Amino acid sequence: MSMKFGTLYAYWTHEWTGDYKFFAKKIKDAGFDIMEISAGDLLTMSDRELDELKAVAKDLGLDISSNIGPAKKYDVASSDPETRKRGIQFLSDILKKMDRLDSRALVGVTYTYWPNDFSDLDKPAIWERGVKSVREFGKVAEDLGITVALEIVNRFETLVLNTAEEGVRFCEEVGMDSVKLLLDTFHMNIEEDNLPDAFRTAGKYLAHVHVGEGNRKLPGMGHLPWKEMGTALNEIGFDGGVVMEPFMTMGGKVGEDIKVWRDLSNGADEAKMDQNIKESLIFLKNAFAK
């Protein structure tokens with residue numbers, strides 16, 4: 001097997017939701033293998049809607065990955081037992097919807113909530129509670145044949161998992177084949193001493209990769225060492241999803257959460273946005289080729 005390439009639908013939107021059947025066609029036309037969607041949307045979709053989206057994705061030959069950063073009320077690492085219970089149920093319900101959709105990767109900050117408000121700084125206690133909770137919904141994922149990829153994010157978004165090394169330790173403590181890691185080049189650029197080496201550190205635990213430049217532009221528009229990162233991924237035999245997570249336009253909840261305070265697209269219209277992401281995919285495939 002080889003890597004599959006995808007993108008988050010939100011490249012074209014300003015909200016954490018969208019018409020996925022429309023985006024599926026656009027994403028396929030750009031040359032991708034994977035469409036990443038907002039996992040929370042699955043809970044508001046009927047079985048018929050899930051079946052329709054599954055059929056569209058199948059017809060296009062697209063895989064679907066489901067991405068979430070749960071709200072604080074669903075924090076599986078909360079000091080409040082009821083909040084933890086609610087969070088585990090929330091993620092378990094999402095996993096069951098994913099199974100119907102045939103989405104086989106749940107990715108994001110599922111070991112706590114996102115973005116963190118840093119009101120609780122007892123990292124060892126948060127870590128311990130998170131490990132126990134991840135084991136619980138990890139069992140649901142395992143039974144359904146779904147991989148949970150825990151996203152490592154930077155210090156400004158969480159205090160729990162900031163580096164690949166921390167992620168590996170967390171996965172080792174969870175001790176489940178269904179629970180792996182997601183490394184994101186944007187976050188890595190803030191936290192890791194060496195980006196290719198961080199992939200090597202993650203090794204067998206790496207299940208999913210998010211890619212974007214250090215300012216969240218499309219791969220190839222900035223300074224990150226893409227060829228060297230591709231070499232590292234090939235060294236560890238990575239064959240999971242490589243999903244772009246570019247955020248280049250201001251506005252809406254996406255712009256607010258991601259902190260996009262200026263237009264990074266140079267005033268691109270939709271056609272130019274389409275062209276840019278196609279060119280970025282070609283660049284990335286070349287950089288990550290064996």
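The values are calculated or read from the model by the stated rules, or taken from the named source; none is laboratory data. The shown structure was predicted, so the numbers you read here are calculated from the model rather than taken from an experiment. As a convention, Cβ positions derive from the backbone with ideal geometry for all residues, glycine included, and neighbour counts pool all protein chains shown.
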Please indicate, with yes or no, whether at least one residue in segment 188-201 is of a type outside the set (Gly, Ala, Ser), part of a helix (DSSP H, G or I), in contact with a Leu (Cβ under 7 Å, 6 or more places away or on another chain) and within 19 Å of Thr158 (Cα to Cα).
-> yes
When (1) surrounded by 15 or more Cβ atoms within 10 Å (Cβ to Cβ); (2) under 26 Å from Glu245 (Cα atoms) are applied to Thr44, the one that fails is (1)
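From the list Ile258, Ile277, Ile236, pick out the single residue that is modelled with pLDDT under 95, under 20 Å from Gly6 (Cβ atoms) and surrounded by 15 or more Cβ atoms within 10 Å (Cβ to Cβ). Lay out the reasoning, then the answer.
Numbers: Ile277 fails: modelled with pLDDT under 95; Ile236 fails: modelled with pLDDT under 95.
Testing whether each residue is modelled with pLDDT under 95, under 20 Å from Gly6 (Cβ atoms) and surrounded by 15 or more Cβ atoms within 10 Å (Cβ to Cβ) leaves just Ile258.
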Residue that is nearest to Asp99 (Cα to Cα) [pool: residues in segment 115-145 that are in contact (Cβ under 8 Å) with a residue 40 or more places away in the chain and polar (S, T, N, Q)] | Ser133
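Looking only at segment 150-167, decide whether some residue is modelled with pLDDT of 95 or more and in a strand (DSSP E or B).
If we filter segment 150-167 for residues that are modelled with pLDDT of 95 or more, which is where we start, we get 150-167.
In the following step, the residues that additionally are in a strand (DSSP E or B) were identified as 150-151.
Yes, that holds for at least one residue.
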Quick count over segment 115-168, residues being surrounded by fewer than 19 Cβ atoms within 10 Å (Cβ to Cβ), closer than 18 Å to Glu192 by Cα and in contact with a Leu (Cβ under 6 Å, 6 or more places away or on another chain), is 0
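Do we have Phe32 as under 19 Å from the mean Cα position of the chain (by Cα) and either buried (at least 22 other Cβ atoms within 10 Å of the Cβ) or not charged (D, E, K, R) (or both) here?
On the way: under 19 Å from the mean Cα position of the chain (by Cα): yes; either buried (at least 22 other Cβ atoms within 10 Å of the Cβ) or not charged (D, E, K, R) (or both): yes.
Here the answer is yes, as Phe32 does meet what is asked.
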Among the residues of segment 266-275, is there at least one that is closer than 26 Å to Ile64 by Cβ, without any contact (Cβ under 8 Å) to a residue 12 or more places away in the chain and not in a helix (DSSP H, G or I)?
-> no
So is Asp257 under 23 Å from Tyr11 (Cβ atoms) and out of contact with any helix residue (DSSP H, G or I) (no Cβ under 8 Å at 6 or more places or on another chain) or not?
-> yes
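For segment 27-45, which residues satisfy the criterion of being among the polar types (S, T, N, Q) and either on the phi > 0 side of the Ramachandran plot or in contact with a helix residue (DSSP H, G or I) (Cβ under 9 Å, 6 or more places away or on another chain) (or both)?
Going residue by residue through segment 27-45, those that are among the polar types (S, T, N, Q) are 38, 44.
Correct list: Ser38 only.
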In the list Gly267, Gly241, Gly230, which residue meets the criterion of being more than 17 Å from the chain's Cα centre (by Cα), surrounded by 12 or more Cβ atoms within 10 Å (Cβ to Cβ) and not aromatic (Phe, Trp, Tyr)?
-> Gly230
State all residues of segment 169-190 that are crowded, with 19+ Cβ neighbours inside 10 Å and of a type outside the set (S, T, N, Q); if no residue qualifies, say none.
-> Phe170, Cys171, Val174, Val179, Lys180, Leu181, Leu182, Leu183, Asp184, Phe186, His187, Met188
Flagged pairs (Cβ under 6 angstrom, 6 or more apart or on separate chains; first in segment 148-160, over 12 Å from Pro115 (Cα atoms); second at pLDDT below 95 and assigned to a loop (DSSP other than H, G, I, E, B)) are none
Hey, can you tell me all the residues within segment 209-256 that are within 30 Å of Gly267 (Cβ to Cβ), in a helix (DSSP H, G or I) and among the small types (Gly, Ala, Ser)?
-> Gly252, Gly255
